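Derivation of every value follows stated rules applied to the coordinates shown; laboratory data play no part. The structure presented is a predicted model; accordingly, all values stated were derived computationally and were not measured. Cβ: placed from backbone, ideal geometry, glycine included. Neighbour counts: every protein chain shown.
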Amino acid sequence: MTQQLSDMFDHVLQPHDRWMRQALDLAQQAFAEEEVPIGAVIVKDDQIIGAAWNQREQLKDPTAHAEIVAITQAAEVIGDWRLEDCTLYVTLEPCPMCAGAIVQARIPRVVYGITDPKAGACHTLYQITDDARLNHRCAVLGGVLAQECKEILQEFFRLQRSRGKK
């Protein structure tokens, strides 16, 4: 029975691996730029229309999270702020700011790598993306390539601590 459940879970996650790997590549870019390594892609009709990594340090902008930058790009590409029929892939569970932007952009699906016990706003601390009091809700799936997403963040913060930062 446990193997059957595992196989069913793997079947649900496999279609998302491709896009999460793209988000992980962007997280690597953030790592190389000494930004917190979080990457995000927005997919519509099997094509990436927004792709970004955290850029808070580089831009000196507290709102320059990967999700926000990717949402802005995607809206520009399609010429509309409504990102209906899109899926957002992000390596870390979105924070309250990003979850709010996801709701405002009408993104119907979010797929993330690992939960964020300090700021997660889809499942962990808050459920903004599924709050019935808001005008839009979206389906959320966590745990896609979780180990890889966890490892890049752990390595980044281990390196930062060894340098006496963050």
| query | Considering amide H positions built from the backbone, and no H for Pro or chain starts, which residues 5 or more places from G142, or on another chain, come under 5 Å of its amide H? | reply | Y112
| task | Run through every distinct alpha carbon pair of the stretch 52-132 and return the Kirkwood hydrodynamic radius in angstroms, one decimal place. | result | 12.8 Å
| field | Centre separation in Å (Cα based) which lies between the stretch 33-51 and the stretch 90-143 | value | 16 Å
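Based on DSSP H runs of at least 4 residues, each adding -39500 (n - 2.57), what is the mean residue ellipticity at 222 nm of the chain after dividing by all its residues, to the nearest 500 deg cm²/dmol? Walk me through the intermediate numbers first.
On the way: 5 runs with 74 residues, N = 166.
Here the helix-only value at 222 nm equals -14500 deg cm²/dmol.
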| Between I71, V43, V103, whose Cα lies farthest towards the positive end of the dipole of the stretch 18-161 when Lys and Arg beta carbons carry +1 and Asp and Glu beta carbons carry -1, centred on the Cα centre? | V103
| query | Between E148 and A119, how many nm apart are label points set 7 Å from Cα along the C-beta direction? | reply | 2.4 nm
| note | Out of G50, G39, G100, a Gaussian network model of the chain with alpha-carbon springs under 10 Å gives the largest mean-square fluctuation to G100
| Given springs between every Cα pair under 10 Å in a Gaussian network model of the chain, which of T115, T91, T124 has the largest fluctuation? | T124
| task | Within the stretch 42-115, report the trypsin sites (Lys or Arg not before Pro) that DSSP leaves as loop and that have at most 11 other Cβ atoms within 10 Å. | result | K60
| Once phi is turned into ³J(HN,Hα) by the Karplus curve 6.51 cos²θ - 1.76 cosθ + 1.60 with θ = phi - 60°, what whole-Hz value does each residue of the stretch 19-28 show in order, with x for glycine and proline? | 6, 5, 5, 5, 5, 5, 4, 5, 4, 4
